[in-house]
Amino acid sequence: AVNHARDDGATALYLATQNEHPESMQLLLGAGADVDKANDRGYAPIHIACLYDRGYAPIHIECLKLLLGAGADVDKANDRGYAPIHIACVQGDLECVKLLSSRGASRETDPRFGTPEEIAERSGFAELAAWLRATNDWTPLHHLEQLTPACARALLRGGADLRAGAPSPLER
């Protein structure tokens, strides 16, 4: 029942994310909510969390952290082909892009949209585009500010290289 959806495909987790209600999200995730279940337009909770903050405190970042911590697919495309990083670049949300990058979001060129930095540039977010260019060769381990200790340990145990890139995560 936790994954029951309305006629439009929206689940309780989707709605809790849309309404920026992390406490409800935690309860739903703890009860086994499907973190990647999309609505009838292909929007999963992670897409909704990447939409621009609707004027509240930056709760959408807290919601995104919960979804990523629960294993949300960081590269899940919606029905229009937009991955979460594309949505965050269109919105100009640097914190969201940093968090997605720390979890390994793909920065590959999409033939329909270009690279994330091109999307940010076209959307008028030069600072975001510059950050994306400057960090293009970074691995998830480079994103020290966004990593939890548990995530950093998992990356290191999985073989992440402390000396990769310039500057390396160790140098940072």
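With the full set of protein chains in place, find how many percent of the accessible area of the range 72-172 is carbon and sulfur; take the probe as 1.4 Å.
Its accessible area is 49 percent carbon and sulfur atoms.
With charges only on Cβ, +1 for K and R and -1 for D and E, what is the dipole size of the range 62-172 about its Cα centre, in debye, rounded to 20?
My answer is approximately 300 debye.
What value does the range 105-152 have for Rg/Rh, both radii from Cα atoms and Rh as Kirkwood defines it?
1.05
Consider just the alpha-carbon atoms of the range 55-123 and return their Rg together with their Dmax, both in angstrom.
That works out to 11.8, 35 Å for Rg and Dmax.
Starting from the eigenvalues of the Cα gyration tensor, five times each then square-rooted, give me the equivalent ellipsoid semi-axes of the range 1-120, largest first, whole Å.
Semi-axes (√(5λ), whole Å): 23, 16, 12.
How are the C-alpha pair distances of the range 49-169 spread across 5 Å bins, as whole percents from the shortest bin up?
Answer for the range 49-169: a P(r) of 2, 11, 21, 24, 20, 14, 6, 1 percent.
In percent, what relative contact order does the range 22-172 have, based on Cα pairs under 8 Å that are 6 or more apart in sequence? Don't jump to the answer; show the numbers that get you there.
On the way: 179 pairs, mean separation 24.4, N = 151.
Rounded, it is 16 percent for the range 22-172.
May I ask you to give the solvent-accessible area per residue for the chain, in square angstrom, as obtained with a 1.4 angstrom probe?
For the chain, the per-residue accessible area is 51 Å².
The values are calculated or read from the model by the stated rules, or taken from the named source; none is laboratory data. Quick caveat: nothing in here was measured; it's all calculated off a predicted structure. Positions of Cβ are backbone-derived with ideal geometry, glycine not excepted, and every protein chain shown enters the neighbour counts. With ligands, DNA and RNA removed, areas are computed over all heavy atoms of the protein, side chains included. Shrake-Rupley method; radii C 1.70, N 1.55, O 1.52, S 1.80 Å.
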